[in-house]
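I have placed the structure first, in the form of structure tokens, so that the comments after it can refer back to it.
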Amino acid sequence: MATAIIFCGLQGSGKSTFYARQFANTHIRLNLDMLRTRNREDILLHGCLAAQQAFVVDNTNPSPSQRMRYVALARAAGFESLECYWFDTGIEECIARNATRPDDARVPEIAIRGTAAKLMIPSKAEGFDRVWRVTWTAAGIEQLSELT
């Protein structure tokens, strides 16, 4: 079954860590930090769509319009399941996590705050079959709850 998963959350909210733990062995990772350009992302995305290859979009995707792009393409390609994972992590925690990253992976604090200002909680009304809220315990263990 072809599944498309879209992540939504601030920089430093744990999206890439969650991908590595949950989906690295089953889903291709689309990530602008790694791919660097939308053109490269589009090439890989369209390859996944054509091959019916499960994928995860590991970007901030703060607005419904940004998420809709992936939803529309996956639906048009016949993907059977579309899920969104919203990483509900506070701004200050994301800034603190970001500060521990290597210099070349760190994003400016203003970028995190800017994303937070635009962030809209995803909903099933956007076309997702399921929407999950991801939170983290102090021990770094993820907790999932489904939004209805």
Taking the Cα atoms only, what angle lies between the long axis of helix 38-51 and the longest principal axis of the chain, rounded to 10 degrees?
40
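Just the number, please: carbon plus sulfur as a percent of the accessible area of segment 1-51, 1.4 Å probe, no ligands or DNA/RNA counted. It would help to have the intermediate numbers written out before the result.
Working: 1320 of 2550 Å².
Using a 1.4 Å probe with all protein chains present, segment 1-51 comes out at 52 percent carbon and sulfur.
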Under a 1.4 Å probe, counting only protein heavy atoms, H46 has an accessible area in Å², nearest 10, of 90
Cα long-axis angle, helix 64-76 against the chain (0 to 90 degrees, to the nearest 10)
30
Which angle from 0 to 90°, rounded to the nearest 10, does the C-alpha axis of helix 109-118 make with the longest principal axis of the chain?
50
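For the chain, what is the relative contact order in percent, using Cα pairs closer than 8 Å and at least 6 residues apart in sequence? Can you show the working numbers first?
Numbers: 250 pairs, mean separation 47.5, N = 148.
32 percent.
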Compute the Cα gyration tensor for segment 94-148, then decide on rounded, prolate or oblate, letting a ≥ b ≥ c be the square roots of its eigenvalues: rounded whenever a/c is under 1.5, prolate when a/b is larger than b/c in the other cases, and oblate in all that remain.
oblate
Distance in nm between label sites at T37 and D104, each 7 Å beyond Cα in the beta-carbon direction?
1.9
Quick one: if you take sqrt(5λ) for each eigenvalue of the C-alpha gyration tensor of the chain, what semi-axes come out, biggest first, whole angstrom?
24, 17, 15
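When the chain is fully extended, how far beyond the present Cα-Cα distance does A72 get from K118, taking 0.36 nm per residue of separation? Please list the in-between numbers first.
Numbers: separation 46, 0.36 × 46 = 16.56 nm, distance 2.11 nm.
My answer for the length gained is 14.5 nm.
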Write down the accessible area per residue of the chain in Å², having rolled a 1.4 Å probe over the full set of protein chains.
51
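The values are calculated or read from the model by the stated rules, or taken from the named source; none is laboratory data. None of the values given here were measured: they were computed from a predicted structure. When we count neighbours, we look across all protein chains shown, and the Cβ atoms used for this are built from the backbone with ideal geometry, even at glycine. For accessibility, only protein heavy atoms count, side chains too; no ligands or nucleic acids. Shrake-Rupley method; radii C 1.70, N 1.55, O 1.52, S 1.80 Å.
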